[in-house]
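Encoded as structure tokens, the structure appears first; notes follow it.
The values are calculated or read from the model by the stated rules, or taken from the named source; none is laboratory data. Only a predicted model underlies this, so the values are computations on that prediction, with no experimental measurement involved. Cβ sites come from the backbone with ideal geometry, for glycine too, and all protein chains shown count toward neighbours. With ligands, DNA and RNA removed, areas are computed over all heavy atoms of the protein, side chains included. Shrake-Rupley method; radii C 1.70, N 1.55, O 1.52, S 1.80 Å.
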Amino acid sequence: MKFWIKHSLPGRVRVRYDKSQVTSRQAALAAELLSTQDGIKSASVNCVVGSFLIYYDDSVLSEKHIQALFMALSEKYLQNQELLDAVEEPQEKESLLFNLAVMTAEHYAKAFLPFYIRLLLRVVSLCPRIARGLLRVAEGQVFHSEVLDSAAIAASLLAGDAGTASNINFLLNVGDAIEEFTKKKSYGDLADRLLSKNDKVQLVEVGADNKRVEKSVPLNLVKKGDLVAVRTGGVIPVDGTVASGEALVNQAAITGEPLAVEKRQGASVFAGTLVQEGEIFVETRAVGSQTKVQGILSMIDSSQQLKVSSQVRSENLANQLVKCNFLLSAATFLFTGSLRKVMATLMVDYSCAMKLAAPIAVLSAMKEAAENGIIVKGGKFLEEASKADTLVFDKTGTLTCAAPRLSKIHSFCKKSDDELLALAACLEEHFAHPIAEAIVQAAKERGLLHPEEHAKVEYIVAHGIATSLNKKRLLIGSRHFIFDDEKCQAPKELEAVQKSALENGESLLYLAEEKRLIAAFAINDPLRQNAARVIQALRVSGITKCAMITGDDEGAAKNAAASAGVDHYVSRALPEDKVSFIEKEKKNGRKVVMVGDGINDAPALSAADVGIAMGNAADIAGETADISLPADSGLEGLLKVRGLGSALMERIDLNNRDIVAVNTALMFLSLFGAITPSAAALLHNASTVMFGARAMKPFLGTKASRETNGQPKSAGRPGSLGLPTAGEA
């Protein structure tokens, strides 16, 4: 690839390339490959001018490193058809100014045509607008903005002023074009912001010895025919066929079925559905990146139905004001008999701006949330979160750090600490939960290998894991699971261990073999540094009750609750206990927000008025939640959600008041002859654009947005696509 640096700043570089040597799809692939490299925050390409825009961490990379990465983009990658098929063909962006210029030129060029051709074109352009109005009337929607528009054109024609009717129709077409472009841009901007290029899947490859080897790869590089593994709590990333394994799959997102369906070998599965229990290996039928795109677009479509109360009020007000237009026009004709004055009352309506500005404001708020790493599934949830008075927190991974640490291993058998840790890591590595990650990470730090020699792993939600090794049943999980459910035998020394853990605020993870406890792992899960401060700030914002409900032991729960400053806590809770607590609060008239991150939090997230998932939450929690927070900001995202919700409602209400004031003024100026009906229509369209633009303005203007210039950070890893790291290149 022939390239050269066009412009460079610390952390930002623009690189030009020879368009004659590189296709647009190859350029898109190059951007994908670059974005996965260590130190690259984002990489985008403009195929029209032939340039890449790279944002990078200047503490990790330099301009020379960027050049080295481009030099490494050889035909080995850019000519690889499988990689090329995994990326989408870049689309040229639509230009509003160009479209408006073409419309204007076509409109005024008609004046130079012969009279009969000009008349024919005028009829062709006016008839659709009038026909739409008549269709609304036939449907019983007499007080609709399209009826108002067609009435204004009809009044001009009845007054014998075909030129004015044509001008009015032209201005209405301009308004429609602006409205469509603005909506499409807001929709597209949000979709672009939500689409992650770094989603990972477990790709299964068969080695030379016929053993299956799993590796984590970006979703967009999964090809047709690839085998991917999905386990309990995971979201199926592709459309495909089950090659082996069996699982209960919740397909509510696709089919609406409330109950999970059993899937075995040969069954079809779909992207976006959830594996509630079990393990399956799926042969890809449709590329994962494409199904992900459709999922995002479906989510945005659905979000449009989840309207905030201010948006609903504005739509109802707009419909009522259309009636006022007709009543005023009827009164004007009755008292003056002037069709010109009637046109003045019909040329300006309130519904265009109101029905445009409100949804754009919602999409803009969702986009700004996404810029801060917050995924919102509908404006309604921003509003509900801003009005909430009760917050319910999970503990592990929510109020406490997302990466708890193993502090001590208590052995109750002849095995060494390393043997016990390797055994526990072998079981826990299959599941994405902070406690499991602490065990696996501790094993890695000690350099322990833990080959999978056990049988199929069974995950019991909110309790633990069961399997067998050397014909012996192994269990690992909570105290409730090991001693209450499985009736395992506890050694005498356990009481002292539990007392010590209670005093130190540690959680205990128990490992049992053949109904006998063989080890207890003490997990130190420190409170997030900002937890107490955020909770205090939330109280100032209007939260009157904070509760923490956890499955952890009393000591860990008590210490965490005291440090965080919550009002109430419940320890050793099951998922159904969290749901019961939330339902009770809702019955007492409270508006409840649930914040969690684990598989066992999913029912509570669904039961709350608003479910909020923490960053790095289990897939099923993220899918169930209404809002997902970023992984790097912890609980700070809650404050941004509250602020965005309040600002959104204020923005919509302010726009509604100003829309009524401006359009009423234009109507009366035209009615009393101060401006012509055409001028009123032009100013009306201009004000609609103004209110649409104001609806798109930032709500918070957060520091995070300014620092990244709206660019998402890449979570890629060095060399993850086979491209050398900057140092190697």
Breaking point among (1) modelled with pLDDT of 85 or more; (2) surrounded by fewer than 20 Cβ atoms within 10 Å (Cβ to Cβ); (3) more than 30 Å from K472 (Cα to Cα), for L502: (1)
Filter result for G551 (assigned to a loop (DSSP other than H, G, I, E, B), in contact with a Pro (Cβ under 7 Å, 6 or more places away or on another chain) and buried (at least 16 other Cβ atoms within 10 Å of the Cβ)): no
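Could you grab me the full set of residues in segment 647-673 that are among the charged types (D, E, K, R) and under 17 Å from V322 (Cα atoms)?
R657, D658
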Which listed residue, of G379, G337, is on the phi > 0 side of the Ramachandran plot and of a type outside the set (S, T, Y): G337
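Which residue out of G464, G477 is modelled with pLDDT under 85 and open to solvent by less than 40 Å² (accessible area, probe 1.4 Å)? Outline the logic, then answer.
Details: G477 fails: modelled with pLDDT under 85.
Within the list G464, G477, the selection yields G464.
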All but one of (1) surrounded by fewer than 20 Cβ atoms within 10 Å (Cβ to Cβ); (2) touching a Phe, Trp or Tyr at 6+ places or on another chain (Cβ under 8 Å); (3) not β-branched (V, I, T) hold for E514, so report the exception by its number. (2)
Specify the residue that is least open to solvent (accessible area, probe 1.4 Å); the eligible residues are those in segment 311-341 that are among the β-branched types (V, I, T) and at pLDDT below 75. V322
Condition first: under 23 Å from M354 (Cα atoms) and of a type in the set (G, A, S). Now tell me which residues in segment 108-149 satisfy that. G133, G140, S145
Sole miss for L654 among (1) in contact (Cβ under 8 Å) with a residue 24 or more places away in the chain; (2) out of contact with any Gly (no Cβ under 9 Å at 6 or more places or on another chain) is condition (1)
Checking A501 against (1) in a helix (DSSP H, G or I); (2) touching a Gly at 6+ places or on another chain (Cβ under 7 Å); (3) farther than 30 Å from D417 by Cβ, only one condition comes out false. Which one? (3)
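Conditions tested, residue by residue: (1) within 30 Å of A531 (Cα to Cα); (2) open to solvent by less than 20 Å² (accessible area, probe 1.4 Å); (3) among the small types (G, A, S).
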| position | (1), (2), (3) |
| --- | --- |
| K640 | yes, no, no |
| E650 | yes, no, no |
| V662 | no, no, no |
| A665 | no, no, yes |
| F668 | no, no, no |
| P677 | no, yes, no |
| L682 | no, no, no |
| M690 | no, no, no |
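Checking the condition of a type outside the set (V, I, T), under 32 Å from the mean Cα position of the chain (by Cα) and surrounded by fewer than 19 Cβ atoms within 10 Å (Cβ to Cβ), which residue from D57, D18 passes?
D57
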What pairs come out if I take residues in segment 24-41 that are without any contact (Cβ under 8 Å) to a residue 40 or more places away in the chain and pair them with residues that are among the polar types (S, T, N, Q) and outside any helix (DSSP H, G or I) whose C-beta lies under 8 Å away, six or more apart or interchain? A31/S44
Listed by range, helices (runs of 4 or more DSSP H) wholly within segment 326-405 having at least 1 residues that are in contact with a Gly (Cβ under 6 Å, 6 or more places away or on another chain) and in contact (Cβ under 8 Å) with a residue 40 or more places away in the chain are 351-371, 379-387
What is the residue count in segment 554-580 for residues that are open to solvent by 30 Å² or more (accessible area, probe 1.4 Å) and not charged (D, E, K, R)? 10
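Anything in segment 249-272 that is assigned to a loop (DSSP other than H, G, I, E, B) and either touching a Cys at 6+ places or on another chain (Cβ under 9 Å) or at pLDDT below 80 (or both)? List them, or say none.
Our first condition is that a residue be assigned to a loop (DSSP other than H, G, I, E, B); within segment 249-272, this holds for 251, 256-260, 264-267, 270-272.
Scanning segment 249-272 gives Q251, G256, E257, P258, L259, A260, A271, G272.
Look through E495, E486, E452 and report the one residue that is over 22 Å from L248 (Cα atoms), surrounded by fewer than 18 Cβ atoms within 10 Å (Cβ to Cβ), modelled with pLDDT of 85 or more and of a type outside the set (A, V, I, L, M, F, W, C).
Details: E486 fails: surrounded by fewer than 18 Cβ atoms within 10 Å (Cβ to Cβ); E452 fails: modelled with pLDDT of 85 or more.
Residue meeting the stated conditions: E495.
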